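Heads up: the structure comes next, in C-alpha coordinates.
The values are calculated or read from the model by the stated rules, or taken from the named source; none is laboratory data. Here the structure is a predicted model, which is why all the values come from computation and not from measurement. Quick reminder, even Gly has a Cβ in these numbers, built from the backbone with ideal geometry, and neighbours come from all protein chains shown. Heads up: the accessible areas ignore ligands, DNA and RNA and are worked out on the full protein's heavy atoms, side chains in. Shrake-Rupley method; radii C 1.70, N 1.55, O 1.52, S 1.80 Å.
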Amino acid sequence: MTAAFAVSGDEVDTALIVAIDVSNSVDDQRYKLQIEGIAQALEDPGVIQAIVGGAKGGILFSLVTWADQPTVSVPWTHVASEADAKATAKRVRGLPRQGGEFTCMARMMRVVSDKIVPQIPSKAAKVVLDVSGDGKDNCNSQEPIEQVRDELVSYGVTVNGLPILEGAGPEVVTPGAPAAQSYLPEKQQQDPLEKWYIENVKGGPGSFVLPANGYADFGRAIRQKFVLEVSELGSRVRRVFAANRPSFFTP
(Lines give C-alpha, C1' and ligand atoms only; values in the text may rest on other atoms or scores of the structure.)
Protein backbone atom coordinates (compact mmCIF):
# COMPACT_ATOMS: atom_id res chain seq x y z
CA MET A 1 0.00 0.00 0.00
CA THR A 2 1.27 3.52 -0.82
CA ALA A 3 -0.01 7.07 -0.71
CA ALA A 4 -1.43 6.50 -4.19
CA PHE A 5 -3.65 3.65 -2.93
CA ALA A 6 -7.31 4.06 -3.77
CA VAL A 7 -10.51 2.12 -4.20
CA SER A 8 -11.80 4.06 -7.20
CA GLY A 9 -12.58 7.53 -8.46
CA ASP A 10 -10.76 10.63 -9.68
CA GLU A 11 -7.37 11.77 -8.41
CA VAL A 12 -6.94 14.29 -5.60
CA ASP A 13 -3.94 16.18 -4.28
CA THR A 14 -4.30 15.11 -0.64
CA ALA A 15 -6.32 12.69 1.42
CA LEU A 16 -6.45 14.43 4.81
CA ILE A 17 -7.54 12.64 7.99
CA VAL A 18 -8.06 15.05 10.90
CA ALA A 19 -8.08 13.21 14.24
CA ILE A 20 -9.08 15.19 17.35
CA ASP A 21 -8.90 14.22 21.02
CA VAL A 22 -12.27 14.04 22.83
CA SER A 23 -11.12 12.31 26.04
CA ASN A 24 -12.18 13.37 29.54
CA SER A 25 -9.79 16.35 29.56
CA VAL A 26 -11.87 17.88 26.75
CA ASP A 27 -14.89 19.61 28.26
CA ASP A 28 -17.76 21.10 26.26
CA GLN A 29 -15.99 24.43 25.70
CA ARG A 30 -12.79 22.75 24.52
CA TYR A 31 -14.75 20.44 22.23
CA LYS A 32 -16.56 23.42 20.69
CA LEU A 33 -13.28 25.29 20.20
CA GLN A 34 -11.88 22.32 18.25
CA ILE A 35 -15.01 21.79 16.14
CA GLU A 36 -15.43 25.50 15.41
CA GLY A 37 -11.71 25.82 14.66
CA ILE A 38 -11.92 23.07 12.04
CA ALA A 39 -15.10 24.52 10.53
CA GLN A 40 -13.64 28.03 10.33
CA ALA A 41 -10.45 26.66 8.80
CA LEU A 42 -12.44 24.95 6.06
CA GLU A 43 -14.20 28.28 5.36
CA ASP A 44 -10.97 30.30 5.35
CA PRO A 45 -10.19 31.80 1.90
CA GLY A 46 -6.52 30.88 2.20
CA VAL A 47 -7.33 27.27 3.00
CA ILE A 48 -9.87 27.08 0.17
CA GLN A 49 -7.31 28.48 -2.25
CA ALA A 50 -4.80 25.88 -1.08
CA ILE A 51 -7.39 23.12 -1.59
CA VAL A 52 -8.49 24.12 -5.09
CA GLY A 53 -5.10 25.42 -6.25
CA GLY A 54 -3.35 22.06 -6.40
CA ALA A 55 -2.58 20.07 -9.52
CA LYS A 56 -5.73 17.95 -9.12
CA GLY A 57 -7.90 20.80 -7.83
CA GLY A 58 -9.24 19.09 -4.73
CA ILE A 59 -8.72 16.98 -1.64
CA LEU A 60 -10.43 14.26 0.35
CA PHE A 61 -11.30 15.15 3.96
CA SER A 62 -12.19 12.89 6.87
CA LEU A 63 -12.68 13.72 10.57
CA VAL A 64 -12.02 11.20 13.33
CA THR A 65 -12.87 11.86 16.98
CA TRP A 66 -11.01 9.64 19.40
CA ALA A 67 -10.74 8.79 23.09
CA ASP A 68 -11.20 5.19 24.32
CA GLN A 69 -12.23 4.28 20.77
CA PRO A 70 -12.08 6.28 17.52
CA THR A 71 -15.23 7.32 15.66
CA VAL A 72 -15.33 8.33 11.99
CA SER A 73 -17.42 11.46 12.47
CA VAL A 74 -17.06 12.67 8.88
CA PRO A 75 -16.33 9.90 6.34
CA TRP A 76 -14.29 10.56 3.23
CA THR A 77 -15.64 13.73 1.59
CA HIS A 78 -14.46 15.24 -1.70
CA VAL A 79 -13.70 18.96 -1.39
CA ALA A 80 -12.99 20.66 -4.73
CA SER A 81 -14.70 24.06 -4.47
CA GLU A 82 -15.64 26.81 -2.04
CA ALA A 83 -19.14 25.37 -1.89
CA ASP A 84 -17.76 21.92 -1.00
CA ALA A 85 -15.58 23.39 1.73
CA LYS A 86 -18.43 25.38 3.27
CA ALA A 87 -20.76 22.40 3.12
CA THR A 88 -18.16 20.28 4.90
CA ALA A 89 -17.71 23.01 7.52
CA LYS A 90 -21.46 23.01 8.12
CA ARG A 91 -21.40 19.25 8.53
CA VAL A 92 -18.57 19.51 11.07
CA ARG A 93 -20.48 22.14 13.09
CA GLY A 94 -23.52 19.88 13.22
CA LEU A 95 -21.72 16.88 14.71
CA PRO A 96 -23.11 15.61 18.02
CA ARG A 97 -20.86 15.88 21.07
CA GLN A 98 -18.36 13.05 21.22
CA GLY A 99 -16.53 11.98 24.37
CA GLY A 100 -14.61 9.31 26.22
CA GLU A 101 -12.31 8.72 29.16
CA PHE A 102 -8.81 7.78 28.00
CA THR A 103 -6.32 9.14 25.45
CA CYS A 104 -5.97 6.06 23.25
CA MET A 105 -3.89 7.48 20.39
CA ALA A 106 -2.23 4.21 19.35
CA ARG A 107 -5.66 2.57 19.13
CA MET A 108 -6.86 5.44 16.93
CA MET A 109 -3.84 5.04 14.63
CA ARG A 110 -4.50 1.30 14.38
CA VAL A 111 -8.05 1.94 13.12
CA VAL A 112 -6.76 4.59 10.70
CA SER A 113 -4.19 2.11 9.36
CA ASP A 114 -6.56 -0.86 9.11
CA LYS A 115 -9.88 0.72 8.13
CA ILE A 116 -9.62 4.35 7.03
CA VAL A 117 -6.54 4.51 4.79
CA PRO A 118 -7.55 1.34 2.85
CA GLN A 119 -10.93 2.93 2.08
CA ILE A 120 -9.61 6.11 0.46
CA PRO A 121 -12.03 6.44 -2.46
CA SER A 122 -9.74 8.30 -4.88
CA LYS A 123 -6.12 8.14 -5.89
CA ALA A 124 -4.27 10.63 -3.69
CA ALA A 125 -0.86 12.14 -4.38
CA LYS A 126 -0.31 12.17 -0.62
CA VAL A 127 -2.11 10.93 2.49
CA VAL A 128 -1.86 12.93 5.72
CA LEU A 129 -2.97 12.01 9.24
CA ASP A 130 -3.32 15.20 11.33
CA VAL A 131 -3.36 14.29 15.06
CA SER A 132 -4.28 16.78 17.79
CA GLY A 133 -4.62 16.36 21.54
CA ASP A 134 -3.69 17.74 24.95
CA GLY A 135 -1.91 14.70 26.39
CA LYS A 136 0.17 11.60 25.80
CA ASP A 137 -1.28 8.19 25.04
CA ASN A 138 -2.39 6.80 28.42
CA CYS A 139 -4.24 3.70 27.25
CA ASN A 140 -1.56 1.02 27.86
CA SER A 141 -2.09 -0.23 24.34
CA GLN A 142 -0.95 -3.70 23.35
CA GLU A 143 1.29 -2.11 20.72
CA PRO A 144 3.55 0.95 21.15
CA ILE A 145 2.38 4.08 19.41
CA GLU A 146 5.69 4.32 17.52
CA GLN A 147 5.06 0.87 16.03
CA VAL A 148 1.68 1.72 14.51
CA ARG A 149 2.95 5.18 13.51
CA ASP A 150 5.82 3.55 11.63
CA GLU A 151 3.39 1.16 9.95
CA LEU A 152 1.37 4.12 8.67
CA VAL A 153 4.55 5.74 7.39
CA SER A 154 5.52 2.52 5.60
CA TYR A 155 2.20 2.75 3.74
CA GLY A 156 3.08 6.26 2.53
CA VAL A 157 1.10 8.20 5.16
CA THR A 158 2.57 11.41 6.60
CA VAL A 159 1.69 11.84 10.28
CA ASN A 160 1.63 15.42 11.62
CA GLY A 161 1.01 16.55 15.19
CA LEU A 162 -0.89 19.41 16.78
CA PRO A 163 -0.28 19.21 20.54
CA ILE A 164 -2.51 21.56 22.53
CA LEU A 165 -0.28 23.09 25.19
CA GLU A 166 -2.60 23.71 28.10
CA GLY A 167 -0.09 25.76 30.06
CA ALA A 168 0.46 28.16 27.17
CA GLY A 169 -2.08 30.75 28.29
CA PRO A 170 -5.69 31.42 29.31
CA GLU A 171 -8.53 29.86 27.35
CA VAL A 172 -10.67 32.97 27.25
CA VAL A 173 -12.22 33.76 23.89
CA THR A 174 -13.26 37.40 23.52
CA PRO A 175 -15.57 38.26 20.60
CA GLY A 176 -13.80 40.59 18.18
CA ALA A 177 -10.39 39.99 19.72
CA PRO A 178 -7.37 39.68 17.40
CA ALA A 179 -6.25 36.19 16.42
CA ALA A 180 -3.75 34.46 18.66
CA GLN A 181 -0.11 35.08 17.81
CA SER A 182 1.46 32.54 15.51
CA TYR A 183 3.55 29.87 17.16
CA LEU A 184 7.25 30.73 16.95
CA PRO A 185 9.20 27.63 18.04
CA GLU A 186 12.59 29.31 17.97
CA LYS A 187 11.43 31.82 20.60
CA GLN A 188 9.87 29.42 23.09
CA GLN A 189 11.16 26.67 25.33
CA GLN A 190 10.00 23.29 24.08
CA ASP A 191 7.00 21.97 25.99
CA PRO A 192 7.20 18.32 27.17
CA LEU A 193 4.05 17.44 25.22
CA GLU A 194 5.48 18.99 22.07
CA LYS A 195 8.65 16.94 22.55
CA TRP A 196 6.55 13.78 23.02
CA TYR A 197 4.65 14.49 19.80
CA ILE A 198 7.93 15.01 17.93
CA GLU A 199 9.29 11.69 19.19
CA ASN A 200 6.16 9.53 19.08
CA VAL A 201 3.59 11.03 16.67
CA LYS A 202 5.39 12.82 13.85
CA GLY A 203 6.47 10.52 11.03
CA GLY A 204 7.16 10.40 7.31
CA PRO A 205 8.73 12.76 4.77
CA GLY A 206 7.66 16.38 5.30
CA SER A 207 6.05 15.60 8.66
CA PHE A 208 5.90 18.28 11.33
CA VAL A 209 4.56 19.26 14.73
CA LEU A 210 2.81 22.62 15.07
CA PRO A 211 1.48 23.26 18.60
CA ALA A 212 -1.51 25.34 19.67
CA ASN A 213 -0.97 27.71 22.57
CA GLY A 214 -4.01 26.46 24.49
CA TYR A 215 -7.44 25.54 23.15
CA ALA A 216 -8.28 29.16 22.29
CA ASP A 217 -5.38 29.02 19.80
CA PHE A 218 -6.52 25.76 18.18
CA GLY A 219 -8.31 27.52 15.31
CA ARG A 220 -5.19 29.42 14.29
CA ALA A 221 -3.03 26.31 14.49
CA ILE A 222 -5.34 24.02 12.52
CA ARG A 223 -5.78 26.69 9.83
CA GLN A 224 -2.01 27.00 9.39
CA LYS A 225 -1.65 23.21 9.38
CA PHE A 226 -4.30 22.76 6.69
CA VAL A 227 -2.46 25.17 4.38
CA LEU A 228 0.88 23.46 5.01
CA GLU A 229 -0.64 20.02 4.47
CA VAL A 230 -2.59 20.55 1.26
CA SER A 231 -0.74 23.24 -0.72
CA GLU A 232 2.34 23.33 -2.90
CA LEU A 233 3.40 26.41 -0.94
CA GLY A 234 3.23 24.25 2.16
CA SER A 235 5.69 21.81 0.61
CA ARG A 236 8.20 24.61 0.06
CA VAL A 237 7.67 26.00 3.56
CA ARG A 238 8.22 22.56 5.09
CA ARG A 239 11.54 22.25 3.26
CA VAL A 240 12.69 25.61 4.63
CA PHE A 241 11.69 24.68 8.18
CA ALA A 242 13.35 21.28 7.85
CA ALA A 243 16.63 22.96 6.96
CA ASN A 244 16.48 25.17 10.06
CA ARG A 245 14.70 22.97 12.65
CA PRO A 246 15.39 19.29 11.94
CA SER A 247 13.67 18.17 15.17
CA PHE A 248 10.51 20.07 14.27
CA PHE A 249 10.09 19.06 10.63
CA THR A 250 11.18 15.85 8.90
CA PRO A 251 12.53 16.52 5.38
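What the table below lists for this structure:
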read-out: Residue-count net charge about Ala67 - beta-carbon cut-off 9 Å; Lys, Arg +1, Asp, Glu -1; value: -3
read-out: Heavy atoms of Glu36: accessible area, 1.4 Å probe, square angstrom to 10; value: 60 Å²
read-out: Global form of segment 67-162, assessed from the alpha-carbon gyration tensor, a/c cut-off 1.5; value: oblate
read-out: Given Lys56/Lys195; Lys86/Lys225; Lys32/Lys56, the pairs whose alpha carbons are separated by over 26 Å; value: Lys56/Lys195; Lys32/Lys56
read-out: Pairwise label distance in nanometres, Lys32 with Gln69, each label 7 Å out on the Cα-Cβ vector; value: 2.8 nm
